[in-house]
1. Considering (1) farther than 27 Å from K14 by Cβ; (2) surrounded by 21 or more Cβ atoms within 10 Å (Cβ to Cβ), say which one N185 fails and leave the rest.
2. Need the failing condition index for T76 against (1) surrounded by fewer than 20 Cβ atoms within 10 Å (Cβ to Cβ); (2) more than 20 Å from L189 (Cα to Cα); (3) β-branched (V, I, T), just the number.
3. Could you tell me whether G94 is touching an Asp or Glu at 6+ places or on another chain (Cβ under 8 Å) and outside any loop (DSSP other than H, G, I, E, B)?
4. Identify all residues within the stretch 191-227 that are free of Cβ contacts under 8 Å to residues at least 12 places away in the same chain and acidic (D, E); write none if there are none.
5. Looking at the stretch 140-173, which of its residues are within 21 Å of N105 (Cα to Cα) and either at pLDDT 90 or above or in a loop (DSSP other than H, G, I, E, B) (or both)?
6. Quick one: count up the residues across the stretch 169-183 that are under 18 Å from N20 (Cα atoms) and touching a residue at least 24 places away in the same chain (Cβ under 8 Å).
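The values are calculated or read from the model by the stated rules, or taken from the named source; none is laboratory data. What you see is a predicted model, and the numbers here were worked out from it, not measured in a lab. Here the Cβ positions follow ideal geometry from the backbone for every residue, glycine too, while neighbour counts run over all protein chains shown.
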Amino acid sequence: MVYLLGMDRIFCTKINLKINIGEKVALLGPNGAGKSTIALLSANFLFPNSGQVIFNGVAYKRSSSLHRKKIGIVLTNPYLIDKMKVEEYWRFVGGVLEVSNDILNYRILDLFELLNLSSEKGKMIGKLSQGSRTKVAIGAALLHNPEMLLFDEPFSNLDQNTSLKLAAFLKDNSASKTFLVASHNLNYLISMGIDRFVLLENGRVVKDVPYNDQSSLEMIHSFINSYEKKEFHRPDWWR
């Protein structure tokens, strides 16, 4: 179980969330609403100015990495080692997370197929496209079969085929896992089997919506439309 209690940080104000074990929660909102900040706080990559994050009964401490083996993390701009090849990087991550070689061998094969990365096997990560780099980060997040997945815009750089395969895989094979996913793509989130949508604006939770019927979907669509319809203001000097 994850609690985010009274958290304050730049772009976030008094965030209170409870995520139950096995629950799949999506963060929705316009740019600057606080989605990425909440994801980073939940991963302990940022530390709140006030409040706390509690993971399975243990409060995060600054710079602590004790929980990292239980969490798979994909950031918008993932931290990768450009001078490694994909398999080499996954084996490095697996070693850090103490995954045995026997398990690594078959999981790496599965991930190359799932993420359509077989053609990139021999390339250095630094030579990969942004989409392929995102796939490498997703593979590293899934590699150790974590209890919780923290995804920040996981579909933003992926082709449609990989996005649909990934969403279907996560829905069909992650019944016991906890998700916190920040994304703009409602269709892929629904395909993942999201249980709740946390609607954010200006660093605050506007609404916490269980996804269980047509009325909840209409509420989510209405929220998205409210910020997507806002037009850019033309400056006086622009002609």
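1. (2)
2. (2)
3. Values: touching an Asp or Glu at 6+ places or on another chain (Cβ under 8 Å): no; outside any loop (DSSP other than H, G, I, E, B): yes.
Spelling it out, it is not the case that G94 is touching an Asp or Glu at 6+ places or on another chain (Cβ under 8 Å) and outside any loop (DSSP other than H, G, I, E, B).
4. Result: D213, E218.
5. A140, A141, L142, L143, H144, N145, P146, E147, N173
6. Final tally of qualifying residues: 9.
Here is a yes/no grid of residues against (1) assigned by TED's automatic domain parsing to the domain that holds D208; (2) aromatic (F, W, Y); (3) farther than 14 Å from V181 by Cα:
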residue	(1), (2), (3)
V25	yes, no, no
A39	yes, no, no
A43	yes, no, no
Y60	yes, yes, yes
E87	no, no, yes
I103	no, no, yes
